[in-house]
Structure formats: C-alpha cells, structure tokens
1. Return the total of residues in the stretch 118-136 being assigned to a loop (DSSP other than H, G, I, E, B), surrounded by 15 or more Cβ atoms within 10 Å (Cβ to Cβ) and modelled with pLDDT of 90 or more.
2. Determine if the stretch 179-194 includes at least one residue that is among the polar types (S, T, N, Q), loosely packed, with under 15 Cβ neighbours inside 10 Å and in the same structural domain as Gln38 (by TED's automatic domain parsing).
Amino acid sequence: MPIAHAWLRFTREADSMAEEREVALDRGQVKKAVQALQAFLRTKSTQDSLLLDETQHVSLLFTLWKIPKAAQTIRIPLPHGQRPDTDDVCLFTRDEPNMTSEQTQRFYKKLLEEKGVKNITEIIPYKVLRTEYKPYEAKRRLLGNFDMFLSDDRVRRLLPSHLGKHFYQRKKEPLAVNLQSKHLARDIQRVIQGTSLKVTNKGCCCMARVAHSGMTADEVTENIEAAVQTAVAKLRTKQKGPVMKLIHIKSQTSVALPIFTSDLSHLSVPQEAEKHAQTPKKKGAAAKKQAKKNKTADVKQPDTTGEREEEIPQLVPISTPSKKPKLEKPAKAKQLEKAPKPAAVKKGKKAQSKLTKKAGKTDSKVKRKVPKVK
C-alpha cells in the first residue's frame, strides 16, 4: 500500500508540474521572437514592392506529445482582432418559409443592421447555393472571392455536400453562428476576429492563425498567450499528462521560430517512482545472484595457471575434421549402391535400340525408293 500511495503522489506532482510549465510562457522570449519575425517581414516587403500593401498571417505551430484519438476543432477567442477590416466575409443562411431567395436576403440584411453587424459583405441563402453554385467553376470562384465563410447553425450540416472538398482543403469551411442569439453582434465578432485550432488524429502537429503583420508586437504577444492558454486547457480535458511539446511562431514566408520547449524533467519523476516501487521486489533476486557469483568464484580460486594451460588443448576439437569425412564416405557409397543403376542403363539401351531400329527402317525405305540404273 505505501508503494501505491507513493506512485500516485509522484504522478500527481508530475502532472501538476507539467501543467504549470505548459501554461506559463516566457513573455520576453515571445516578444523577441515576434520582433524578429516583424523585422524579417519588413525586409521582405521592401525587397518586393508588391507586398507593401499586403498583410501576412502570423500563425502558431503546436507540436503535441501524443497523437489525439479523435479529431476536434477548438474555438479560441483573441483579445485583439487578427483579421483586417478589408477581409470579405460571406454568410450562408437558411431559406425562410413563404419567402423567395431575394426576400430572405433582404430579411437577413435588415436583421444584421438592427443587431449592429457590419462585417458581413454578402448573404447567400441555401437555395441559391444549391442552384447557382452547383457547377465546379462557380464553387471555385466563390472560394476565391471571400476570405471567410459563416453559416447559420440550422443549415451547417447540409453544406459539405454542396460546397465540395476544396473549401476544407483550403481551410475555409464555414463556421457556425447562431443567428437567433440576443447578442448576435458580439458572437459574430468573436467568431470573425477569433481563431480555430483543428486537431486531427493523423499527426501530432496543428496550426492556428493568431495575428497579422500589421499588428504591434504587444498585440501579437497577447494573442499568442491567450491562444496557448485556451488550447492547453481544452486539450487537457481529453488527454492525461503533459500535452504541449513544442510551440513555434511563423508567417507564410518565414521559418518557424521556437517560443516554448517542454522540459523533460517530468519524465524522470515516474521513472524514479517505478525504481522505488521495484527495489523491494528485486532485493531477493539480487541477493541470490550475488550468492551464486560468490560460489562460482570460490570454485575457480584453487585453479592455477598451469592447470588452465593443460585444459586448453582438450577444448580444441583436433581429431574431429579427419573422422567426419571417413564416416560420410561409406554412407554416400551405400546411397549410390541403392540407386537403380541397371534401370537407367536399360532405359538408355532401350532408347538407343529404338533409335537404331528407326534409323534402319528409314535406311531400308530409302534404299527401296532408289530407282535401279539400267
């Protein structure tokens, strides 16, 4: 019982220590990495004038200790908006009863204006999506025209069959929004300016967009800290033990800069506990092994060097090579005697006799056919 209690205490301490290390980030290290990334993006934009007015995404790359058993999507609210105001957002709505497609568009535009929502650029009812965007080219055009897609949660499950795989490959699948909410503007703003982390069961790496190159270093660091805390809290509900192994920050054109590396000291704590738990069981076996070693040492002590030198020739098999071939030769001879030699000879003679007979017949036939000369 005391061994079991010690084991539980060690594991709990290891989990608590790992959790504290995962949640706590070095703010100074994160800010240095952000400043270095921003300096790189400035030099990149000055080299190419086309990138002066464009903003690049800043993302977090998470490396987990274990591959999750089931895939999940984690919604992460951010203190500072990570999308510029120039981004185009499309909203898919359901078909209102006793209304045409144009009437449903007007209805939802009026609803969004009343709630104070200004980030939606276009509204597409479900019926319009099924009819007008059925061809492949229309779907690709729709994918390229907008930066983000939202959908009414009442029709969210019907959209994958009509959108196609390209929306999910480009990670632009629509995010569900409750259009009947009393705080619609706040909910939509959180979804648009927040981010989502897609954890798959096919690998241990996942990525989330947390900022853009136009933000300040302090805003980016605050977004990073909020994203890491939320991701760790959500992942720990479905996994035991430490979760985060590595965290990097990167842009679309830069290398990944490390901002967190997990300490491996939490792995030594369970190993020490296992050693303490296994030592009482192994004492008896170790004592027996030592006694056996002592006995063998006592037996070998009276042996002298001369006796060992005399024992060496006995271990070398000198006479065995000459005896083995002598024993094997008669066995082979017997096997050869048992083989049916006469049968083979008879067969050969029969075959030769048949060939000679055929040859004689052919010669006689040829002689008969030769005409006589007068």
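1. Within the stretch 118-136, residues that are assigned to a loop (DSSP other than H, G, I, E, B), surrounded by 15 or more Cβ atoms within 10 Å (Cβ to Cβ) and modelled with pLDDT of 90 or more number 2.
2. Among the residues of the stretch 179-194, not one is among the polar types (S, T, N, Q), loosely packed, with under 15 Cβ neighbours inside 10 Å and in the same structural domain as Gln38 (by TED's automatic domain parsing), which makes the answer no.
Okay, residues lined up against (1) part of a strand (DSSP E or B); (2) outside the structural domain of Glu225 (by TED's automatic domain parsing); (3) modelled with pLDDT under 90; (4) crowded, with 18+ Cβ neighbours inside 10 Å:
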{"site": "Ser59", "(1), (2), (3), (4)": "yes, no, no, yes"}
{"site": "Leu91", "(1), (2), (3), (4)": "yes, yes, no, yes"}
{"site": "Arg106", "(1), (2), (3), (4)": "no, yes, no, no"}
{"site": "Glu114", "(1), (2), (3), (4)": "no, yes, no, no"}
{"site": "Ala138", "(1), (2), (3), (4)": "no, yes, no, no"}
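Every residue, every condition in (1) touching a Ser or Thr at 6+ places or on another chain (Cβ under 6 Å); (2) touching a residue at least 60 places away in the same chain (Cβ under 8 Å); (3) not hydroxyl-bearing (Ser, Thr, Tyr), yes or no:
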site	(1), (2), (3)
His166	no, no, yes
Arg170	no, no, yes
Leu184	no, yes, yes
Arg190	no, yes, yes
Cys206	no, yes, yes
Arg209	yes, yes, yes
Thr221	no, yes, no
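The values are calculated or read from the model by the stated rules, or taken from the named source; none is laboratory data. No experiment lies behind these values; they were computed from the predicted model shown. Positions of Cβ are generated from backbone atoms using ideal geometry, with glycine treated the same way; all protein chains shown enter the neighbour counts.
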